[in-house]
Amino acid sequence: MRVVIGAPANGAALKDELKDLLEGDERVTEVVDLSTADITYPEVSFRAAERVVDGTADRALLVCGTGVGTAIAAGKVKGARAATAHDVVTVRGAVENYDAQILCMGQNVIAPAYARALVDLWLGLSHDPAGFYGPKVGEIAEFESRG
């Protein structure tokens with residue numbers, strides 16, 4: 001799995017911890033860090049989402065203060081599905097139900113150890129398009145294609 005990761009300054013500490021986790025995980029074949037010292041949360045989110053949508057990355061992991069700003073910004077890229085998640089149920093649902101390719105977390109909201117556990121879970125999850133939520137994800141994609 002190819003993963004892009006990114007954060008503005010107010011998410012850098014947690015992003016660095018999660019990057020280390022990703023780089024050491026055998027399920028991850030490539031980690032690309034899009035962060036720079038002066039990047040804004042919208043810009044890093046747009047860049048990450050574009051890579052997922054164009055197929056140069058399979059998933060993205062974004063960190064800001066709350067995870068909300070990165071999710072909103074990444075969701076503006078046509079074809080991107082981003083979710084803020086800080087618990088097992090939401091991480092699982094984001095991928096399995098809604099096929100979210102982008103996980104957003106908040107450095108000010110979650111303890112690093114718990115974030116690491118959730119990212120470990122996230123890496124093992126997949127969406128089944130033939131499952132109950134498949135048609136609903138299709139409905140969202142169809143609506144998006146109209147705009």
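Bear in mind that the values in this text are calculations on the coordinates, not laboratory data. From a predicted model like this one, the values you see are computed outputs, not experimental measurements. Note that each Cβ is placed from the backbone with ideal geometry, even for glycine, and that neighbours are counted across all protein chains shown.
Brief remarks follow.
- In segment 71-82, the residue that is surrounded by the most Cβ atoms within 10 Å (Cβ to Cβ) out of those that are among the hydrophobic types (A, V, I, L, M, F, W, C) and more than 22 Å from Glu23 (Cα to Cα) is Ala74.
- Any hit, segment 30-38, residues being part of a strand (DSSP E or B), of a type in the set (A, V, I, L, M, F, W, C) and within 25 Å of Ile140 (Cα to Cα): no
- Considering Val89, Val95, Val68, the condition of being under 19 Å from Leu125 (Cβ atoms) and surrounded by fewer than 16 Cβ atoms within 10 Å (Cβ to Cβ) is satisfied by Val89 alone.
- Filtering segment 118-147 to residues that are closer than 20 Å to Thr84 by Cα and basic (Lys, Arg) leaves only Lys136.
- Hits in segment 101-123 (condition: in contact with a Lys or Arg (Cβ under 7 Å, 6 or more places away or on another chain) and part of a loop (DSSP other than H, G, I, E, B)): Gln101
- The residues of segment 101-126 that are surrounded by fewer than 18 Cβ atoms within 10 Å (Cβ to Cβ) and either without any contact (Cβ under 8 Å) to a residue 40 or more places away in the chain or not acidic (Asp, Glu) (or both), listed by number, are Asn108, Val109, Ala111, Pro112, Ala113, Tyr114, Arg116, Ala117, Leu121, Gly124, Leu125, Ser126.
- Within segment 19-41, if we keep just the residues that are in contact with a Leu (Cβ under 6 Å, 6 or more places away or on another chain) and within 14 Å of Ala60 (Cβ to Cβ), the residue that is surrounded by the fewest Cβ atoms within 10 Å (Cβ to Cβ) turns out to be Val28.
- The set of residues in segment 52-64 being in a helix (DSSP H, G or I) and surrounded by fewer than 23 Cβ atoms within 10 Å (Cβ to Cβ) consists of Val53 alone.
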